[in-house]
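Student: Next up is a structure, given as structure tokens.
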Amino acid sequence: MIKKRILGAVIALAVVAISGQAMADSNQAATSGSVDLTNAPVLNASVTPFAVTPASVNTGGGTWDYGTSYVFPLSKKVYSNYNHPKYIHSSSCSIGTTESHSGDQPVGLTAYSSAQGSIDDATHAYWSAQYVPGI
């Protein structure tokens, strides 16, 4: 009987600890993010069967646009653009060993980055926002 009570108490404490951690994590806004676009379809809207693969998402309190596109004859372009209305922010992307960084942008201005490489290269897009006191 005592073993059951102790086991029940341990389980109850574990549930409280886990749910408390989840609640703490959900109250904090994300300050950066990334996406692997390596296996995303490469499309070009002007030529069938190719079309553009863009995405636009609200994340970290800002708007992030990213995607890939086909570049004639056998290249791929990746881009990452991020805008935050309250924080200094940046965007970057990579394709193979080529990287592009926007640098820090002020509140309300879009951070642009794009890079071009081989159609088979690994492709990634990134965003970042940082709170600066007094801004």
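The values are calculated or read from the model by the stated rules, or taken from the named source; none is laboratory data. Note that the structure is a prediction, hence the values are computed from the model and not measured. Every residue, glycine among them, receives a Cβ derived from its backbone with ideal geometry; neighbour counts consider all protein chains shown. Calculation scope for accessible area: heavy atoms of the full protein, side chains included, ligands and nucleic acids excluded. Shrake-Rupley method; radii C 1.70, N 1.55, O 1.52, S 1.80 Å.
Student: Residues in segment 52-73: is at least one modelled with pLDDT under 95, in a loop (DSSP other than H, G, I, E, B), within 18 Å of the chain's Cα centre (by Cα) and buried (at least 18 other Cβ atoms within 10 Å of the Cβ)?
Tutor: yes
Student: May I pose another question? List the number of the failed condition for residue 30; all other conditions in (1) in a strand (DSSP E or B); (2) modelled with pLDDT under 90; (3) not β-branched (Val, Ile, Thr) hold.
Tutor: Among (1) in a strand (DSSP E or B); (2) modelled with pLDDT under 90; (3) not β-branched (Val, Ile, Thr), residue 30 violates only (1).
Student: Okay, next question. Out of segment 84-117, which residues are of a type outside the set (A, V, I, L, M, F, W, C) and assigned to a loop (DSSP other than H, G, I, E, B)?
Tutor: 84, 85, 86, 87, 96, 97, 102, 103, 104, 106, 108, 110 - these are the residues of segment 84-117 that are of a type outside the set (A, V, I, L, M, F, W, C) and assigned to a loop (DSSP other than H, G, I, E, B).
Student: Related question: Looking only at segment 111-124, which residues are open to solvent by less than 40 Å² (accessible area, probe 1.4 Å) and over 14 Å from residue 39 (Cβ atoms)?
Tutor: Of everything in segment 111-124, those that are open to solvent by less than 40 Å² (accessible area, probe 1.4 Å) and over 14 Å from residue 39 (Cβ atoms) turn out to be 111, 113, 115, 117.
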